[in-house]
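J.: After the structure tokens below, expect a handful of questions from me.
Every read-out reported here was derived from the displayed coordinates using simple, explicitly stated rules and does not represent laboratory data. Only a predicted model underlies this, so the values are computations on that prediction, with no experimental measurement involved. Neighbour counts run over all protein chains shown; Cβ positions are idealised from the backbone, glycine included.
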Amino acid sequence: MRIVDVALGRKEEAVREARRAVEMRPISQDAEDGALLLWNLATIYAWADEADLAFEQINILGKTPNTFITYGGLKLDPAWDPLRKDPRFDKLLAELAPRD
């Protein structure tokens with residue numbers, strides 16, 4: 001995972017490698033690993049202060065069947081802390097919230 005790189009301040013390297021991984025194994029070719037790689041890219045974007053790009057990836061994941069973007073995961077996973085103050089985060093949580 002390149003999340004370590006972004007945490008250590010190597011933002012460009014982390015983004016470049018995560019993008020390349022998504023290009024090599026897109027969701028359209030591998031629903032499971034492709035979704036994991038896209039989740040990883042979204043997390044890297046979030047930590048790299050690239051909220052627009054992070055939400056772009058999250059929205060793609062939200063429209064595909066996967067186990068990486070869930071209400072509980074977004075609500076509790078500290079990986080998403082950099083996005084919590086953005087109003088789009090609350091909107092996304094509301095969309096994913098369990099229904100009665």
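J.: Which order results if Thr43, Thr67 are arranged by neighbouring Cβ count within 10 Å, fewest first? Each step should come with its number before you reach the end.
T.: Details: Thr43 25, Thr67 11.
Ascending number of Cβ neighbours within 10 Å: Thr67, Thr43.
J.: Now a separate question. Given only helices, namely DSSP H runs of n ≥ 4 each adding -39500 (n - 2.57), what is the per-residue ellipticity at 222 nm of the chain, to the nearest 500 deg cm²/dmol?
T.: On the way: 6 runs with 64 residues, N = 100.
Mean residue ellipticity, 222 nm, calculated: -19000 deg cm²/dmol.
J.: Give the cross-link partners of Lys11 among the aspartates and glutamates, using a straight C-alpha distance below 20 Å as the criterion and excluding same-chain residues fewer than 8 apart.
T.: List returned: Glu23, Asp49, Glu50, Asp52, Glu56, Asp81.
J.: Would you list, by chain and number, the aspartates and glutamates whose Cα falls below 13 Å from the Cα of Lys63, excluding same-chain residues fewer than 8 positions away?
T.: List returned: Glu95.
J.: Which whole-number percent is the relative contact order of the chain (Cα, under 8 Å, 6+ apart)? Walk me through the numbers on the way to the answer.
T.: Numbers: 100 pairs, mean separation 20.4, N = 100.
That works out to 20 percent.
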